[in-house]
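The values are calculated or read from the model by the stated rules, or taken from the named source; none is laboratory data. Please read all numbers here as calculations on a predicted model, not as lab measurements. Here the Cβ is made from the backbone with ideal geometry for all residues, glycine too, and neighbour counts use every protein chain on show. The area values use the complete protein model at the heavy-atom level, side chains included, leaving out ligands, DNA and RNA. Shrake-Rupley method; radii C 1.70, N 1.55, O 1.52, S 1.80 Å.
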Amino acid sequence: MEELEDEIDEARVKQIMAQINYVEPPRADETGIGRLVAYYVSEKPLAIAELRDFLAKDVPQYMVPQYVVRLEKLPLTPNGKTDRKALPVPTHEHMQLSHDFARPQTETEKALP
């Protein structure tokens with residue numbers, strides 16, 4: 001029980017994390033993206049709405065990606081694992097929305113920002 005009452009030495013934890021090359025992932029406010037992002041490799045873009053509908057049948061709603069990013073190829077480490085550090089930082093410029101964009105139809109819709 002005495003061990004549980006010990007305080008955490010933050011400096012030591014940071015030192016250990018640096019030794020194992022741990023990199024803190026960007027916070028949602030740094031990227032502007034606070035949602036789950038999925039990356040995929042394909043010659044042509046997928047219909048994202050169909051992908052989300054398919055996933056929603058088998059996984060909880062919070063696990064369905066809000067944004068999807070298509071890559072030419074998945075970056076790999078020398079061990080053949082996904083190189084997460086080499087994945088592009090999710091930004092609005094290269095994301096596909098999970099739903100189709102519907103242009104404003106009425107004058108009221110067009111007047112809204």
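Points to keep in mind about this one:
- The number of residues in the range 47-58 being at pLDDT below 85 and either open to solvent by less than 80 Å² (accessible area, probe 1.4 Å) or among the hydroxyl-bearing types (S, T, Y) (or both) comes to 5.
- Restricting the range 1-39 to residues that are of a type in the set (K, R) and modelled with pLDDT of 70 or more, the residue that is nearest to the chain's Cα centre (by Cα) is K14.
- Looking only at residues of the range 59-85 that are modelled with pLDDT of 90 or more and outside any loop (DSSP other than H, G, I, E, B), we find that the one that is farthest from L36 (Cα to Cα) is L76.
- The numbered conditions (1) under 17 Å from the mean Cα position of the chain (by Cα); (2) open to solvent by less than 50 Å² (accessible area, probe 1.4 Å); (3) at pLDDT 70 or above; (4) more than 30 Å from V13 (Cα to Cα) are all true for S42 except (1).
- Flag for K73 being over 17 Å from the mean Cα position of the chain (by Cα) and surrounded by fewer than 10 Cβ atoms within 10 Å (Cβ to Cβ): no
- Look at the range 96-110: where a residue is closer than 15 Å to Q66 by Cβ and a partner is assigned to a loop (DSSP other than H, G, I, E, B) and modelled with pLDDT under 80, sitting 6+ places away or on another chain with Cβ atoms under 6 Å, you get S98/Q66.
- Selected residue (criterion: farthest from Y39 (Cα to Cα)) from residues of the range 86-105 that are of a type in the set (A, V, I, L, M, F, W, C) and modelled with pLDDT under 80: A102
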